[in-house]
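The values are calculated or read from the model by the stated rules, or taken from the named source; none is laboratory data. Only a predicted model underlies this, so the values are computations on that prediction, with no experimental measurement involved. Backbone-built Cβ (ideal geometry, glycine too); neighbour counts: all protein chains shown.
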Amino acid sequence: MVGGPLLGVEGLYQGQNEKHRLIISVTLLQRSIVVEVDPKWVCAAEPEHPVERALRQAREMDGGRMAGRPAGL
């Protein structure tokens, strides 16, 4: 999201007909929500490299104990 109250949030975007929705997953709560958004506030995100994704997920799962390690390691 590049604007509005969800600025900076990433999720899956579904734009169909008049409805523009963003699916947001909250890992900590093990829940996802769907919100309607203004399409002018949405932009495509850079694709994340699979290794970066795995490292980010590992840091999220271990409660940030890997946070002291340099990014990308």
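Among the residues of region 42-55, are any touching a Gly at 6+ places or on another chain (Cβ under 7 Å) and modelled with pLDDT of 85 or more?
no
Out of region 11-26, which residues are among the charged types (D, E, K, R) and either surrounded by 13 or more Cβ atoms within 10 Å (Cβ to Cβ) or part of a strand (DSSP E or B) (or both)?
Answer for region 11-26, where residues must be among the charged types (D, E, K, R) and either surrounded by 13 or more Cβ atoms within 10 Å (Cβ to Cβ) or part of a strand (DSSP E or B) (or both): Lys19, Arg21.
Filter region 57-73 down to residues that are modelled with pLDDT under 80 and part of a helix (DSSP H, G or I), then give me how many there are.
4
Failed condition for Gln30, given (1) in contact with a Leu (Cβ under 9 Å, 6 or more places away or on another chain); (2) at pLDDT below 90, with all others met?
(1)
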